[in-house]
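A short worksheet on the structure shown next.
None of the figures in this text is laboratory data; all of them are computed from the coordinates on show. Predicted, not measured: the structure shown is a model, and the values here were computed from it. Every residue, glycine as well, gets a Cβ built from its backbone with ideal geometry; the counts of neighbours run over all protein chains shown.
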Amino acid sequence: MNKPDYHNIKYLFEPHSVAVVGASRNPEKIGYKVVQNIITGGYKGRIYPINPQGGEILGVPVYKKIEDVEEDIDLACIVVPAKYVFESIKNCTTKHVKHSLIITSGFSEVGNIEEENKIKNYATSHGMRIMGPNMFGLYFSSSSLNATFSPPGIIPGGVAIITQSGALGLAMIGKTAVENMGLSSICSVGNKCDIDEADLLEYLVPHEETKVILMYIEGIRNGERLIEALKKATKKKPVIVVKSGRSKRGAAAAASHTGSLAGADNVFDAIMKQCGALRAETVKDAFTWCKYISNNPYPPGKEVVIVTNGGGIGVLETDACEKYGVSLYDNTNKMKEIFSPVTPDFGSLKNPIDITGGAQSRHYDEALGAALKCDSIHAVLALYCETAVFDSEKLPEMVRRNYENYKKQKKPILFSLFGGQKMEEAVTNLGKENIPVYSNINDSVSPLGAVYTYKNYLETSSDDIDDVDLDIDAINKIVEKARAEDRYFLLTHEAQNIMNIAGVPIPRTIIASSLEGAVKSAKNIGYPVVMKIVSKDIIHKSDAGGVAINLLNKKEVVDAYEAIMRSCKTKVPGALIEGIEVAEMVQAGTEIIAGAKIDPSFGPIIMVGLGGIYVEVMKDVAFRAYPLNRREVLSMISDIRSYSLLLGVRGEKTKDIDSLVDINLKLGAIVHKCRGISDIEVNPVVVYEQGKGSKAVDTRILLSRD
Ligand code: ACO
């Protein structure tokens with residue numbers, strides 16, 4: 001008897017045999033629809049419907065028990081009520097089923113976590129992998145397998161869809177049919193108790209027929225694995241992601257829908273960008289991009305020309321190009337040379353090329369033909385505003401003709417047709433022929449923008465990781481000491497020690513335990529200095545009068561020492577005072593916040609933003625998953641709106657951004673390598689002029705609770 005191959009995901013997509021446990025003769029039941037779809041979908045393997053009553057379904061003999069089947073089975077679809085699922089899975093293991101699609105609902109999504117875990121653990125320990133529960137099944141074009149209860153009419157093609165929501169996925173199937181969008185696969189992951197998006201990507205990425213992958217995500221279970229899988233996937237093909245739960249209420253709804261955390265949206269957004277995934281705001285945008293990408297060539301370069309018969313629509317398209325990162329060709333001499341023979345004297349030869357309201361079919365042919373011939377133009381956006389002089393009957397033919405010519409030469413062309421009834425009909429009909437024709441300006445630019453974003457990622461991303469050497473033992477000792485004292489936070493001097501160990505520059509600091517010690521420390525550090533009370537019992541140091549700044553000489557240090565002690569003893573009576581911290585007074589610079597933490601969805605992440613006291617108000621922060629390389633850290637820093645402050649404004653010199661990159665990498669390495677630490681926040685990091693470094697002024701460190 002063959003030993004089950006636990007890891008081979010191939011059998012999920014290309015099984016030699018499929019059992020449907022809970023197959024029914026009742027056409028209204030899911031157990032009937034699944035059998036019907038497998039048969040009518042043209043699946044060539046062996047089908048085993050399982051139902052205690054036996055008999056036949058749609059001419060296929062039914063087995064009373066899975067144990068009665070004469071051979072081992074690759075895939076089982078489970079469509080029995082929740083209370084029978086565990087028993088069914090147990091029975092499946094007698095036939096060495098490699099994968100089970102558990103369509104049944106009623107598990108972790110409604111709090112029945114224990115039963116779900118029991119099933120998953122049993123299956124795993126018997127070499128079986130589980131997809132679901134709470135899912136609609138799986139369709140795979142290459143094996144003609146439609147093991148779902150989807151509506152009929154899936155069109156085979158180049159788009160693979162992985163969705164966390166079953167109902168949305170089923171509805172997407174209907175929508176793809178209406179839009180004539182071909183699918184290579186569609187499946188829902190449901191509660192993801194075992195198989196998740198990362199497993200499915202592993203199989204779909206090398207699958208040749210799949211040109212683009214669309215993922216609908218509500219929550220992340222194992223973000224670190226997903227990051228790895230997405231990075232691998234996007235090297236080979238575009239992955240488009242729609243994620244719900246952006247709003248607080250949406251996140252709560254997602255949590256109760258599939259029992260997973262939505263996570264912070266800005267973190268999700270940043271990490272998708274880091275992985276090269278294209279995030280679409282709506283399902284509609286995602287469909288538009290998928291359909292475009294699966295049917296059209298990639299532009300050979302970045303120069304795009306707009307050809308229009310209307311100035312206004314040309315301006316709107318220009319705005320859309322800026323919004324979606326589409327770069328417009330601006331070689332005026334070349335455009336004059338190419339387009340003057342085909343443009344009226346009163347038209348415009350600057351991009352957008354305006355062939356004017358009098359343009360007819362042949363004028364479009366001439367202008368689009370001229371753009372096609374020019375190698376320095378890499379893609380064309382063709383716009384048409386409906387006019388009386390253009391014979392609208394001829395429009396679809398003109399679009400088809402030019403689209404075919406461009407396709408032959410592998411140059412992208414996208415059309416936007418704006419006007420009345422005839423225009424709307426043309427858009428719908430040509431769209432069904434998979435020609436990129438849109439009535440909305442943004443829709444005609446955003447797919448091209450998505451392609452350029454993806455191409456840019458491929459050209460600039462790198463797998464290199466800039467590792468940081470750390471004395472992990474020394475850091476762990478500090479963490480262990482705090483935990484032994486039952487603390488989940490580090491004291492200031494402990495946090496400073498960790499910064500010193502990691503080589504993060506901090507202001508020179510000495511803890512003094514007497515007045516004489518404070519005076520000596522100030523002299524050693526050099527004036528001006530700052531003094532702060534050190535006491536576990538005094539959390540708000542300034543409120544207790546425990547801080548003095550800009551002390552210029554010995555007398556000021558003596559006076560401040562006495563004033564701090566007096567005030568703290570009065571305001572927090574009984575507080576245990578461990579000493580006074582004497583520190584270098586930090587010179588002014590650009591104040592940045594930098595941090596690192598263990599994100600509940602994605603594991604170690606780093607953060608940077610505009611620092612100081614307005615962090616919460618400005619909310620100007622950017623994130624990335626750790627580990628990563630310097631270039632990616634720099635890209636994170638350049639994502640913040642205040643980046644120009646670091647580049648230098650109003651004649652200021654550029655700041656030492658490299659030293660900030662160093663600090664970010666070191667903070668990330670600390671939380672990545674010392675998992676006892678859950679959060680580090682440095683605010684401010686003062687960044688000086690280039691060559692003069694940065695200083696981490698105030699560091700807070702929190703410890704993990706698990
Ligand atoms: N082995 C084999 N067959 C069995 C067993 C068993 N151990 N136990 C029962 N059956 C048979 C039943 O006799 C029945 O067949 P019959 O019609 O010949 O009597 C069949 O299995 C189905 O059992 P029912 O009790 O009739 O259950 P029903 O079909 O009503 O519901 C289902 C089962 C569909 C799994 C239901 O419990 C469920 O979970 N529905 C929700 C599914 C869902 O929405 N999933 C998420 C998808 S994605 C989305 O959101 C749309």
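Values for this structure:
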{"quantity": "Between 0 and 90°, nearest 10: helix 82-93 axis offset from the chain longest Cα axis", "calculated": "80"}
{"quantity": "Alpha-carbon centroid distance for the pair the stretch 611-642 / the stretch 121-140, whole angstrom", "calculated": "39"}
{"quantity": "Neighbour-count ranking [beta-carbon atoms within 10 angstrom, fewest first] of Leu414, Leu372, Leu430", "calculated": "Leu372, Leu430, Leu414"}
{"quantity": "Efficiency of FRET between Glu114 and Ile155 - r from beta-carbon atoms, R0 41 angstrom, step 0.05", "calculated": "0.50"}
{"quantity": "Burial ordering of Met131, Met618, Met335, fewest other beta-carbon atoms within 10 Å first", "calculated": "Met618, Met335, Met131"}
{"quantity": "Computed P(r) (all Cα pairs; the stretch 95-199; 5 Å bins; percent)", "calculated": "3, 13, 23, 22, 17, 11, 7, 3, 0"}
{"quantity": "Rg followed by Dmax, in Å, when the chain is reduced to its Cα trace", "calculated": "31.8, 101"}
{"quantity": "Mean separation of Cα contacts under 8 Å (6+ apart) over length of the chain, as relative contact order %", "calculated": "8"}
{"quantity": "Positive minus negative residues near Leu168 (Lys, Arg vs Asp, Glu; Cβ under 14 Å)", "calculated": "+2"}
{"quantity": "Residue among Leu414, Phe489, Val242 farthest towards the positive dipole end of the chain, charges placed on Cβ", "calculated": "Phe489"}
{"quantity": "Ellipsoid equivalent to the stretch 52-128 - semi-axes via the Cα gyration tensor, in Å", "calculated": "23, 15, 9"}
{"quantity": "Extension reserve of the Thr428-Tyr488 stretch, reckoned as 0.36 nm per residue once the Cα distance is removed", "calculated": "15.5 nm"}
{"quantity": "Ordering of 494-502, 354-362 by burial proxy (mean other Cβ atoms within 10 Å per residue, highest first)", "calculated": "494-502, 354-362"}
{"quantity": "Simple label model, 7 Å out from Cα along Cβ direction - Val389 to Asp537, nm", "calculated": "9.0"}
{"quantity": "Two-site label geometry, Arg401 and Asn266: point separation in nm, points 7 Å out along Cα→Cβ", "calculated": "5.3"}
{"quantity": "Which of Ser542, Ser704 has the fewest Cβ neighbours within 10 Å, and the rest in rising order", "calculated": "Ser542, Ser704"}
{"quantity": "Relative packing of peptides 687-695, 621-629, 89-97 - highest average C-beta neighbours within 10 Å first", "calculated": "621-629, 89-97, 687-695"}
{"quantity": "Whole-angstrom gap from the stretch 267-316 to the stretch 6-65, using each part's C-alpha centre", "calculated": "40"}
{"quantity": "Inter-site label distance for Lys284 and Ser513 at 7 Å from Cα along Cβ, in nm", "calculated": "7.1"}
{"quantity": "Gain on full stretching of the segment that runs from Arg246 to Asp463 - 0.36 nm per residue minus C-alpha separation", "calculated": "75.2 nm"}
{"quantity": "Cα-based helix-to-principal-axis angle, 223-236 vs the chain, degrees rounded to 10", "calculated": "50"}
{"quantity": "Note, ³J(HN,Hα) from phi for the stretch 639-650, Karplus 6.51, -1.76, 1.60, rounded to Hz, x at Gly and Pro", "calculated": "6, 6, 4, 7, 3, 4, 5, 6, 6, x, 10, 6"}
{"quantity": "Cut-off 15 Å between beta-carbons: net charge of the residues surrounding Pro27, Lys and Arg +1, Asp and Glu -1", "calculated": "+1"}
{"quantity": "The stretch 309-384: relative contact order in percent, alpha carbon pairs under 8 Å with at least 6 residues between", "calculated": "36"}
{"quantity": "Sum of side-chain charges, Gly358 neighbourhood, beta-carbon under 14 Å (Lys, Arg +1; Asp, Glu -1)", "calculated": "-4"}
{"quantity": "Rounded Å value of the spacing that divides the Cα centres of the stretch 643-705 and the stretch 209-228", "calculated": "31"}
